[in-house]
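Participant: Take this structure first; my questions come after.
No lab work stands behind these numbers, since they all come straight from the coordinates. A quick note: this is a predicted structure, and the numbers were derived from the prediction, not measured. FYI the Cβ positions are ideal-geometry reconstructions off the backbone, even for glycines, and counts take in every protein chain you see.
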Amino acid sequence: MAHRQARILIIGGGFGGLFTALDVAGAGEVTLVSEEDHFLFTPMLYEYLSGEVEAWHIAPRYKELLDEGVRVVRGEVTDIDLKERTVGVSGRAARLPYDVLVLAVGGVTHYWDVEGAEEHTLPFRKLAHADALRRRMELALDRIPPDAAPEDARRAATFAVVGAGASGVELATKMGDLLRDAFARRALPGEPRVMVVEMGKEIVPGMGDEIRGIVRDALKASGVEAHTETRVRRVTKDGFNIEHEGRQTDVEAAAVVWTAGVRVNPLIEGLDVEKTERGLILVEPTLQVRGHKNVLALGDIAFYKDATPTLAGTAQLGQQEASLCASNIKALLDGRRLHARHFVELGEAMSLGTENAAVLAGGRAFGGALARQARFTLYTARLPTWHHRLKVGASWFFEGTDPRPLKPLGYSR
Ligand SMILES: Cc1cc2nc3c(=O)[nH]c(=O)nc-3n(C[C@H](O)[C@H](O)[C@H](O)COP(=O)(O)OP(=O)(O)OC[C@H]3O[C@@H](n4cnc5c(N)ncnc54)[C@H](O)[C@@H]3O)c2cc1C
């Protein structure tokens, strides 16, 4: 394979795909295929919902991040032919050929076959999902007459988040703060109701007691009810049914948001390569797919044996793998030996409402307004490209990161 002419095809422009493209640019004819025209820094999707950050901060367009060294093709990859070395893209008659293929398509929401969940809940993985949820909150508020009885206002402004993992509690606290603020601004009677529903015994399962304590306090401060050991049995257009200790309850809700699971992208489900029981692609320590030296996989779809369980399924793992992926592609093209790498925990941060956050670093956790500040700083450093980081850092520093209140509808975002 002559180096400069090698066709490097990357499917997916998230943490794995975009950061690989940035590092491998110029090593061959690089093409990135993505359904979206932008990257998404998912850890701050909650701040986008609350208006603390804007779309351009966390979802820069590929054309702003990648130079002419990478060709971007917008479209959904529908199938991969590993023998012919081509992929099909929806709406394009011609298949895209490759010499080296990078699989980085990430996960999709997993509804666990709960009745009505896929049809009636809102997912929370993309900008459009946050827009839809914000609109749903504004719509619910608009429907409450100023002279409503407090219990009617509360019923009309009931929202639920299914799953009390990090994502569920981050989202619920943000929603709690936004809705309470809107009640105060509109002088509505009573309080909104935000529930977070968790099947397991504890909120934020898998996290330490110290952080759980911080999260519990934050839920309380944002007025969020935590329902543990509670199973969602059914979701309908107007609400949902839960079961706790054998007792079932129907709850009316303006929206139910589903954060209770991630499964492997359907594109990977249909791919005939070695996988784990959960359907993750088994990759060699070099990120090569077993039995396919010219195919590398990373991020949420790949099982990397050396990564600790707490790193699995995280943006920081995808980002670290991308750098290995790019250097191994270059080695492959040069005929050099490919390498393995040990990935490290870089610390993590959680958003907990519009005024609060928690930072976990070196096995310790701290919360409060300072943690919120630290989180913004930490995440500025993890955004793609120096240029974008500088622009965003300056914007947050000079223009601030205050939330944008939920507005009466008719006001466009
Ligand atoms: C709301 C939210 C908050 C999160 N917060 C954190 C956090 O705080 N910390 C953390 O470490 N992790 C967090 N994560 C997890 C993190 O986002 C993922 O681990 C990470 O994005 C995985 O990277 P990836 O490259 O595998 O996939 P993704 O980043 O999901 O990228 C996949 C890309 O592939 C594209 N794609 C998918 N299918 C196709 C197709 N058929 N054809 C073309 N393109 C396709 C998608 O549009 C997307 O651009 C969060 C996730 C979500 C949803």
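Participant: Which is farthest toward the positive dipole end of the range 57-187 among GLY75, SER167, PRO60, measuring Cα position about the Cα centre, with Cβ charges +1 (Lys, Arg) and -1 (Asp, Glu)?
Facilitator: Highest projection toward the positive end goes to PRO60.
Participant: Can you order the peptides 110-121, 50-61 by their average number of other Cβ atoms within 10 Å per residue, highest first?
Facilitator: 50-61, 110-121
Participant: Related question: What FRET efficiency comes out for ARG278 versus GLU243 if R0 is 22 angstrom and r is the Cβ-Cβ distance? Round to the nearest 0.05.
Facilitator: 0.25
Participant: Do any GluC sites (Glu not before Pro) in the range 236-294 lie in a loop, going by DSSP, with at most 16 other beta-carbon atoms within 10 Å of their beta carbon, and if so which?
Facilitator: Within the range 236-294, the qualifying GluC sites (Glu not before Pro) (loop, at most 16 other Cβ atoms within 10 Å) are GLU245, GLU274, GLU277.
Participant: I'd like the FRET efficiency for THR228 and ASP334, computed as 1/(1 + (r/R0)^6) with the beta carbon distance as r and R0 of 41 Å, rounded to 0.05.
Facilitator: It comes out at approximately 0.15.
Participant: Can I ask one more? Once you compute Rg and the Kirkwood Rh from C-alpha atoms, what is the Rg to Rh ratio for the range 162-289?
Facilitator: Checking Rg against Rh, the ratio lands at 1.09.
Participant: Could you tell me which trypsin sites (Lys or Arg not before Pro) in the range 281-379 are loop residues by DSSP with no more than 10 other beta carbons within 10 angstrom of their beta carbon? Don't skip to the answer; put the middle values down first.
Facilitator: Numbers: sites: ARG290, LYS293, LYS305, LYS330, ARG336, ARG337, ARG341, ARG364, ARG372, ARG375; in loops: ARG290, LYS305, ARG336, ARG337, ARG341.
Here the sparse-neighbourhood loop sites are LYS305, ARG337.
Participant: Around VAL161, which amide H atoms from residues at least 5 apart in sequence, or from another chain, sit under 5 Å from its own amide H, with H modelled in the peptide plane?
Facilitator: So VAL161 has HN proximity to MET195, VAL196, VAL197, VAL257.
Participant: Give me the aspartates and glutamates in straight-line cross-link reach of LYS293: C-alpha distance below 12 Å, same-chain residues under 8 apart excluded.
Facilitator: ASP99, GLU284
Participant: In whole Å, how far is the Cα centre of the range 215-268 from that of the range 6-40?
Facilitator: The distance from the Cα centre of the range 215-268 to that of the range 6-40 comes to 36 Å.
Participant: About its Cα centre, how strong a charge dipole does the range 42-117 have in debye, to the nearest 20, once Lys and Arg get +1 and Asp and Glu get -1 at the Cβ?
Facilitator: Working: 8 positive and 13 negative charges, 88 e Å.
For this selection, approximately 420 debye.
Participant: Right, another one. What is the magnitude of the charge dipole of the chain about its Cα centre, with +1 placed on the Cβ of each Lys and Arg, -1 on the Cβ of each Asp and Glu, and no other charges, expressed in debye to the nearest 20?
Facilitator: Dipole magnitude for the chain comes out near 780 debye.
Participant: Order the peptides 168-179, 213-224, 147-158 from the highest to the lowest mean number of other Cβ atoms within 10 Å of their residues.
Facilitator: The densest-packed peptide leads the list: 168-179, 213-224, 147-158.
Participant: Multiply the residue gap between ARG143 and ASP209 by 0.36 nm, knock off their C-alpha separation, and tell me the result in nm, one decimal place.
Facilitator: Value of the extension gain: 19.7 nm.
Participant: Moving on. How much length would be gained if the chain were fully extended between LYS391 and HIS342, taking 0.36 nm per residue of separation minus their Cα-Cα distance, in nm to one decimal?
Facilitator: Extra length available between LYS391 and HIS342 comes to 14.5 nm.
Participant: Right, here's the next one. Residue farthest toward the positive end of the dipole of the chain, with Cβ of Lys/Arg at +1 and Asp/Glu at -1: which of GLY335, GLY246, VAL232?
Facilitator: GLY335
Participant: Ignoring everything except DSSP H segments at least 4 long, calculate the 222 nm mean residue ellipticity for the chain; use -39,500 (n - 2.57) per segment, divide by total residues, nearest 500.
Facilitator: -10000 deg cm²/dmol
Participant: Moving to a separate point now. To the nearest 20 debye, what charge dipole does the range 15-168 have about its Cα centre, counting +1 at the Cβ of each Lys and Arg and -1 at the Cβ of each Asp and Glu? Kindly include the intermediate steps, with their values, before the conclusion.
Facilitator: Values: 16 positive and 26 negative charges, 24 e Å.
Charge dipole, the range 15-168, about its Cα centre: 120 debye, nearest 20.
Participant: Let me ask something else about it. For the chain, divide the Cα radius of gyration by the Kirkwood radius and give the resulting Rg/Rh value with two decimals. Could you put the intermediate results ahead of the total?
Facilitator: Values: Rg = 22.3 Å, Rh = 22.5 Å.
In the chain, Rg relative to Rh is 0.99.
Participant: At a Förster distance of 22 Å, what's the computed FRET efficiency of ASP181 paired with GLU399, Cβ-Cβ distance as r, to 0.05?
Facilitator: Calculated value: 0.65.
Participant: Also, I was wondering about something else. For a 18 Å ceiling on Cα separation, which of these pairs sit above it: LYS174/LYS237; LYS63/LYS330; LYS126/LYS407; LYS275/LYS305?
Facilitator: Exceeds cut-off: LYS174/LYS237; LYS63/LYS330; LYS126/LYS407.
Participant: Can you bin the range 105-164 into rounded, prolate or oblate? Criterion: square roots of the alpha carbon gyration tensor eigenvalues sorted a ≥ b ≥ c, rounded for a/c under 1.5, prolate for a/b above b/c, oblate for the rest.
Facilitator: Prolate shape, in that a/c is at least 1.5 and a/b is the bigger ratio.
Participant: Return the whole-Å distance between the Cα centroid of the range 52-126 and the Cα centroid of the range 364-397.
Facilitator: Each part reduced to its Cα centre gives a spacing of 26 Å.
Participant: Per-residue counts of other Cβ atoms within 10 Å, averaged by peptide: what ranking do you get for 235-241, 355-361, 79-85, highest first?
Facilitator: 355-361, 235-241, 79-85
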